[in-house]
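Note sheet for the following structure.
The values are calculated or read from the model by the stated rules, or taken from the named source; none is laboratory data. In this text, all values refer to a predicted model and were calculated from it rather than measured experimentally. Heads up, the Cβs are rebuilt from the backbone with ideal geometry, glycines too, and the neighbour counts pull from every protein chain shown.
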Ligand SMILES: *Cc1c(COP(=O)(O)O)cnc(C)c1O
């Protein structure tokens, strides 16, 4: 068996320990004679799995008691619609557009009401985070929306926007559990788990209880109403049970690693190795304004598309997978999520240094 260094933006690298454990439990989960994939989501065994996963997540993020944790399907993209359907009482919301994912969410919200774009960084290919300290927040906005870490462009809000008292909703897909957060500052924070937590096919939405009501937009399907899932403890219908099980193992792994403060420190050290190299390199350069750089997604270019392609190919041959940038921006992108070991980043930088000598 040989494993590559996988820099994919998602689905992405998972902790090897977790994969090994899952492999060991595949045929016979803890003496019950079947795999987690095969068991009823109403069984005692699975009840234990989902409850433990939620408890560990609450512990990791220090989630206050007045927040619900929902394990939902439809990915992060489904939240783009679910959020306005459930929250747009006045049919007004303010969106800060810092990349393709925020833009998609903003466009989706326009189906349900007035979705105002109150700030954007599109003028410079989303390479920075706009100043959000004094934005023209709509007096009747039901919420203010951000994408906290922009997976494609590699920017991150280092400070949350001043929402002037309005509910903050954040897509944290690609920075989920990468550092401690103060959950009480958000009305909703949600993320597709396939970036930094688990397998594809699930989104975790952490929602303040007062935002979970029956007062949703007319025509909202039962399955897209937060209250349906909150009342049923994420078991209204069959959930993505195997995904919940793997996520639960990742939560335990994160706790074992020392929790989110320790993970943040580790992530900062890892990102620094790559950013320091990009800052001194004569061939490669980062594309993001330094103060807004993400710890998770690191885009870079040589400035020459042919050279970029040569690099991606040679890197792949050397065991560094998925370094090609998003199809909308080109260049390269190294996603260095929680489960990417520091050795992977060091090995990548060594490879880049050699490539630079040979091609500079
Ligand atoms: C990947 C991604 C999405 C889309 O996730 P799906 O689960 O595929 O719908 C949304 N937002 C961000 C920030 C992402 O990185």
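Overview of results
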| read-out | value |
| --- | --- |
| Flag if residue 197 is part of a strand (DSSP E or B), within 24 Å of residue 233 (Cα to Cα) and either assigned by TED's automatic domain parsing to the domain that holds residue 106 or away from the ligand (no atom under 16 Å from the Cβ) (or both) | no |
| Search result, residues across the range 214-256 that are in contact (Cβ under 8 Å) with a residue 60 or more places away in the chain and assigned to a loop (DSSP other than H, G, I, E, B) | 215, 216, 217, 220, 225, 233, 234, 235, 238, 239, 240 |
| Which numbered condition residue 138 fails, given (1) away from the ligand (no atom under 13 Å from the Cβ); (2) more than 17 Å from residue 226 (Cβ to Cβ); (3) in contact with a helix residue (DSSP H, G or I) (Cβ under 9 Å, 6 or more places away or on another chain) | (3) |
| The lone exception for residue 111 - which of (1) within 14 Å of residue 166 (Cβ to Cβ); (2) touching a residue at least 12 places away in the same chain (Cβ under 8 Å) it fails | (1) |
| The range 323-337 residues that are free of Cβ contacts under 8 Å to residues at least 60 places away in the same chain and in the same structural domain as residue 302 (by TED's automatic domain parsing), paired with ones that are surrounded by fewer than 20 Cβ atoms within 10 Å (Cβ to Cβ) and assigned to a loop (DSSP other than H, G, I, E, B) (beta carbon under 9 Å, 6 or more apart) | 324/330; 331/303 |
| Answer residue from the range 67-77, given it is outside any strand (DSSP E or B) and touching a strand residue (DSSP E or B) at 6+ places or on another chain (Cβ under 6 Å) and is surrounded by the fewest Cβ atoms within 10 Å (Cβ to Cβ) among those | 75 |
| Which numbered condition residue 170 fails, given (1) out of contact with any helix residue (DSSP H, G or I) (no Cβ under 7 Å at 6 or more places or on another chain); (2) assigned to a strand (DSSP E or B); (3) away from the ligand (no atom under 11 Å from the Cβ) | (3) |
| Residue 129 vs. criteria surrounded by 18 or more Cβ atoms within 10 Å (Cβ to Cβ), modelled with pLDDT of 95 or more and within 16 Å of the ligand (Cβ to nearest atom) | yes |
| Every residue from the range 309-347 that is more than 23 Å from residue 176 (Cβ to Cβ), part of a helix (DSSP H, G or I) and in contact with a strand residue (DSSP E or B) (Cβ under 7 Å, 6 or more places away or on another chain) | 311, 312, 347 |
| Test: residue in the range 17-37 that is within 16 Å of the ligand (Cβ to nearest atom) and touching a residue at least 24 places away in the same chain (Cβ under 8 Å) | no |
| Top-ranked residue in the range 348-360 [being in contact (Cβ under 8 Å) with a residue 40 or more places away in the chain and in a helix (DSSP H, G or I); ranked as surrounded by the fewest Cβ atoms within 10 Å (Cβ to Cβ)] | 359 |
| Residue, farthest from the chain's Cα centre (by Cα), within the range 296-306, restricted to residues that are surrounded by fewer than 24 Cβ atoms within 10 Å (Cβ to Cβ) and part of a loop (DSSP other than H, G, I, E, B) | 304 |
